[in-house]
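Input: a single structure, listed below in structure tokens.
Read-outs: derived from the displayed coordinates by stated rules, not from any lab. What you are looking at is a predicted structure, and each value in this text was computed from that prediction instead of being measured. Note that each Cβ is placed from the backbone with ideal geometry, even for glycine, and that neighbours are counted across all protein chains shown.
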Amino acid sequence: MNPEEREAEQLAQDRERIYKFLAAMLSHPDEGKWGRVVCADEQRLAIQAVDRLREQTVSREGGRRSDSLASQTTTSALDLRYIVLELCQPMEHLKAEHERVFCETRLDQEISPLELDHRCIKDPVKKAEFLADLASQYRSFEFDEGNRLPSRPDHISHELEFMGWLISRRRIASRVAHLDPTAAGQSSVCDLAQRSFFGNHLAVWGVTFAKGLQKYTSGGYFEPLGAFLEAWLEREQVVLGPRSRMDEREGANRRQSVAI
């Protein structure tokens, strides 16, 4: 690997780690992957990943320079230390906090962890089609096999974990591209899928959800988690850029022609 390739690999590893850390934190402690959240080594690696990304002023994703990236990544919210400090509580306390926010107060639509609750889709048939389409996207990338994730495919944890999965798939394909002629195509498909999925899902409702979490100012980890998630999604919007439905159709066509 040359220096530029090593830097790109580190960037991908850091983004993957942060997406998966967030996915674990926003899942229920009994059904998610909270080992990523409470393990001291995982916390340390996640903090280091965020620090590296926050300090970067240049986005190499897609070979583009972002002049506004610096102002977004230097925000004080883009720091995991306070969240990790709040996680130094007994697991039963953390579990009770999760249930208080997501179960007892579900009448507050703004903090629903389900994407459909943030969209103006009333028709039950269209809702079912929306969920089926999401599940189909996951299956097309062999995601969700053996993952301990919420049953609803539109859950915030599901969508964040899928982004981490796409980054991982692209990273692996990029590493072997010089050995396997099809790997370069696989890498491009995963890159396009990241941009399309983020633009059509997390970019649509993620920030609203994150702002809702910041209402919980009575202590606990949800307020700083909401601030971090908002800053992270805004950073990713700069890195990934807006994607259109045309891109989404192009990605579907390319997935049919490239075996992943």
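Some points to look at:
- Multiplying the residue separation of Ile47 and Glu9 by 0.36 nm and removing their Cα-Cα distance gives an extension gain of 11.9 nm.
- For Val204 and Asp123, the difference between the fully extended length at 0.36 nm per residue and the C-alpha to C-alpha distance is 27.2 nm.
- Neighbour-count order for Cys39, Cys120, Cys103, Cys190, fewest beta carbons within 10 angstrom listed first: Cys120, Cys103, Cys39, Cys190
- Ranking of Tyr82, Tyr216 by neighbouring Cβ atoms within 10 Å, starting from the fewest: Tyr82, Tyr216.
- With a cut-off of 9 Å between beta carbons, the residues surrounding Glu42 carry a summed charge of +2, where Lys and Arg count +1 and Asp and Glu -1.
- Highest average packing first - 133-139, 22-28, Cβ atoms within 10 Å: 22-28, 133-139
- In this calculation the C-beta distance from Asp30 to Leu85 is compared with R0 = 30 Å, giving a FRET efficiency of 0.85.
- Dipole magnitude of the stretch 121-224, debye to nearest 20 (Cβ charges: Lys/Arg +1, Asp/Glu -1, about Cα centre): 220 debye
- Of the residues Glu42, Glu115, the one with the fewest other Cβ atoms within 10 Å heads the list, and the complete ranking is Glu42, Glu115.
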